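Novice: Just passing along the structure, written as structure tokens.
Rule-based calculations on the coordinates, nothing more; no lab input. Being a predicted model, the structure only gives us computed values, none of them experimental. No Cβ is skipped: glycine too gets one built from the backbone with ideal geometry, and neighbour counts run over all protein chains shown.
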Ligand code: ADP
């Protein structure tokens, strides 16, 4: 069984959030279920740097832009990389410029990626031909559209929504020529409240739509969390499934993690104190008796960072410390920076993306706060669990499924792993923080929660089996794929060249 995964992010090459973790981990997990995955992603400079020797599979023009399709293997991941400096060599982030504004040609950058995915899936660029295409988020959501509407291919497609807040919406004036037939622009496909939405078009066109937890799959059918897409999703309800994410326990293993000062496991939990010591020294906290809280997150409204800011005085006055590692909205970054100034040695803020620091924070802090207003799955709380930081989470989406609240019943049968609060507002967050202080004072309760969390099984085992089963079912429904021996449109170059954006 062969699957082509099309994505705009992939760990360990390029990551802004959980999407990369999933697309990086799933191929390994699927391989044990007889699924061979190859992944297509954009040739951002940091991806090209990691490719080393890559073969050039094809030189082609996509939506008027010159591109090369490269092929390589990195850390066990089989990759296709769409190399096009015009599209992907940018100064800012993956999707926004240095000032936080979307690149105006994002439609073209990701439509081209999707078109390349469709051509690959249809066997036009490489003899390797997938039985199923797995597209991730709006950036890849046009892959099924190109397959069905442009190439008239029946290759089965799955679209996974990692976060419905991002819909790839463009006004028709800004949208250039997608090279699709006119029927693709109508209400049955791209048209969305007078604009075009890549995500909507993908939902309409894919055979299966999944999202990253069963709870979120239900929540997005409601007006509250449907983000305007609830009508489209309800109409496509029969093909909507929720599969919870897992974590890569090789990358996230406190017993072997080189980012930690001291490795540990449930048997050697006392060693964890060395990481806490290091962390508190790093942030000039002295030797705090009270709990050390932490946040590792995109700093956005979704993640409830404004609620956190309001709760910080309460946390500090009660004797807690707070470390925040993240980046995002300017006003939230400024709000946090002001708190760090107001409470030196009690609140520390590290603005930016720092993978190593994130590992250390999970392995050294006492509690990880995640006050998300909505959370499709959330991986951060799973890493915290595995590293012995007790999660404090808003009860929504995947957070409600993965964290067992330390209420009396769960504590009595020793299944609790964290603290949930609901509704998600500042008062409830403060109350949850108070509960954390109580737990922290009781050494035995603290240790039990940590042990339960560290022992909880969030490997990909179960979810990968579900994906694999679906891929197998989908492939059985499709007509037999006849492998092409000679790619018809690609000019295959026999030479192996250094991958570059040239
Ligand atoms: P989302 O994808 O919505 O941002 P997830 O919890 O699913 O949220 O995944 C977030 C991922 O990004 C986790 O791997 C988390 O550790 C990581 N992360 C978030 N912010 C930072 C940061 N500032 N530095 C390092 N890693 C971060």
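Novice: Kindly rank 324-336, 208-220 from highest to lowest mean number of other beta carbons found within 10 Å of each residue.
Specialist: My ranking of the peptides, most packed first, is 208-220, 324-336.
Novice: Show me 235-246, 173-184, 429-440 ranked by packing, highest mean number of other Cβ atoms within 10 Å first.
Specialist: Per-residue Cβ counts within 10 Å, averaged per peptide and sorted highest first, yield 429-440, 235-246, 173-184.
Novice: How much FRET efficiency would the formula 1/(1 + (r/R0)^6) give for residue 443 and residue 473, where r is the Cβ-Cβ distance and R0 is 60 Å, rounded to 0.05? Numbers along the way, then the final one.
Specialist: Details: r = 50 Å, r/R0 = 0.83.
It comes out at approximately 0.75.
Novice: How big is the range 181-237 along each principal axis, measuring the range of its Cα positions in Å and listing the largest first?
Specialist: Principal axes ranked by extent give 36, 23, 15 Å for the Cα atoms.
Novice: Going by alpha carbons, how many degrees (0 to 90, nearest 10) lie between the helix axis of 461-477 and the longest principal axis of the chain?
Specialist: Roughly 20 degrees between the two axes.
Novice: Using all C-alpha to C-alpha distances in the range 220-261, build P(r) with 5 Å bins and read off the rounded percent in each one.
Specialist: In whole percents, the pair-distance histogram is 6, 19, 14, 12, 8, 7, 9, 11, 11, 4, 0.
Novice: Measure nothing fancy, just the Cα-based angle from helix 330-342's long axis to the longest principal axis of the chain, in degrees from 0 to 90, nearest 10.
Specialist: 20
Novice: Could you please state, rounded to a whole Å, how far the C-alpha centre of the range 366-421 is from the C-alpha centre of the range 431-453?
Specialist: If you average the Cα positions of each part, the centres end up 12 Å apart.
Novice: While we're on this one: I need 97, 137 ordered by Cβ neighbour count within 10 Å, fewest first. All intermediate terms of the calculation are to be shown ahead of the outcome.
Specialist: Numbers: 97 13, 137 25.
Final ranking by Cβ density, sparse to dense: 97, 137.
Novice: Taking the chain as the reference, fit the longest principal axis to its C-alpha atoms, fit the long axis of helix 106-121 to the helix C-alpha atoms, and give the angle between the two in degrees, 0 to 90, nearest 10.
Specialist: That helix lies at roughly 60 degrees to the long axis.
Novice: I would also like to ask the following. Which residues in the range 309-352 have a backbone N closer than 20 Å to a point placed 7 Å from the Cα of residue 282 along the Cα-to-Cβ line?
Specialist: Taking a point 7 Å out along Cα→Cβ of residue 282, the residues of the range 309-352 whose backbone N falls under 20 Å are 320-328, 336-337, 340-341, 344-352.
Novice: Scaled to the compact-protein estimate 2.2 N^0.38 Å, what is the alpha-carbon radius of gyration of the range 196-265, rounded to two decimal places?
Specialist: 1.63
Novice: Can I ask one more? Report for the chain the percent antiparallel among DSSP-assigned beta bridges with both residues inside it, nearest 5.
Specialist: Restricted to the chain, the bridges split so that about 30 percent are antiparallel.
Novice: Quick check on the range 415-461: what does the Kirkwood estimate of hydrodynamic radius come out to from the alpha carbon pairs, in Å? Walk me through the numbers before you get to the answer.
Specialist: Numbers: mean 1/r = 0.0838 Å⁻¹.
One decimal place: 11.9 Å for the Kirkwood radius.
Novice: Just from its helices, what would the mean residue ellipticity at 222 nm be for the chain, if runs of 4 or more DSSP H residues each count -39500 (n - 2.57) and the sum is divided by every residue, rounded to the nearest 500 deg cm²/dmol? Walk me through the numbers before you get to the answer.
Specialist: Details: 19 runs with 180 residues, N = 502.
About -10500 deg cm²/dmol.
Novice: Enter the mean projected area of the convex hull around the alpha-carbon atoms of the range 29-75, in nm², rounded to one decimal.
Specialist: So the Cα hull casts an average projection of 4.4 nm².
Novice: Between residue 459 and residue 241, take the C-beta separation as r, use R0 = 25 Å, and let me know the FRET efficiency to the nearest 0.05.
Specialist: 0.80
Novice: Another question, if that's okay. How much of the calculated P(r) for the range 1-64 lies past 15 Å, in percent of all Cα pairs?
Specialist: Here the tail beyond 15 Å accounts for 59 percent of pairs.
Novice: Let me ask you something else. How big is the convex hull of the Cα atoms of the range 206-337, per residue, in Å³?
Specialist: About 175 Å³ per residue, rounded to a whole number.
Novice: On to the next question. State the Kirkwood hydrodynamic radius of the range 376-452 in Å, one decimal place, computed from all pairs of distinct Cα atoms.
Specialist: Here the Kirkwood hydrodynamic radius works out to 12.4 Å.
Novice: Here's something else I'd like to know. Would you work out the relative contact order for the chain, in percent, from Cα pairs under 8 angstrom that are 6 or more residues apart? Each step should come with its number before you reach the end.
Specialist: Details: 1039 pairs, mean separation 83.9, N = 502.
Normalised by residue count, the contact order of the chain is 17 percent.
Novice: If the chain between residue 222 and residue 96 were fully stretched, how many nm would it gain, using 0.36 nm times the residue separation less the Cα-Cα distance?
Specialist: 42.4 nm
Novice: Roughly how far apart, in whole Å, are the Cα centres of the range 292-346 and the range 217-243?
Specialist: The two parts, judged by their Cα centres, are 32 Å apart.
Novice: Another question about this same structure. Along each of its three principal axes, how wide is the spread of alpha-carbon positions in the range 1-160, in whole angstrom units, largest first?
Specialist: So the three principal-axis extents are 44, 33, 30 Å.
Novice: Right, another one. Working out 0.36 nm times the residue gap between residue 1 and residue 422, then minus their Cα-Cα distance, what length gain in nm do you get to one decimal? Don't skip to the end; give the middle numbers.
Specialist: Values: separation 421, 0.36 × 421 = 151.56 nm, distance 4.29 nm.
Gain on stretching residue 1 to residue 422: 147.3 nm.
Novice: Please state, to two decimals, what the Cα-based radius of gyration of the range 144-253 comes to when divided by 2.2 N^0.38 Å (N = residues).
Specialist: Normalised Cα radius of gyration, the range 144-253: 1.16.
Novice: Below 8 Å between Cα atoms, with a sequence gap of 6+, how large is the relative contact order for the range 318-447 in percent?
Specialist: That works out to 16 percent.
Novice: Same structure, new question: Among 457, 366, which comes first, then next, by fewest other beta-carbon atoms within 10 Å?
Specialist: Working: 457 8, 366 22.
Fewest-to-most ranking of 457, 366: 457, 366.
Novice: Test of understanding: what is the full-extension gain from residue 318 to residue 342, defined as 0.36 nm times their sequence separation minus their Cα-Cα distance?
Specialist: Net length gain for the segment: 7.1 nm.
Novice: Give me D for the chain in µm² s⁻¹, whole number, from Stokes-Einstein with Rh from the Kirkwood sum over alpha-carbon pairs, 37 °C and 0.692 mPa s.
Specialist: In µm²/s, the coefficient is 139.
Novice: Same structure again: Give the order of 359, 33, 443 when sorted by the count of other beta carbons within 10 angstrom, beginning with the fewest.
Specialist: Result, fewest neighbours first: 443, 33, 359.
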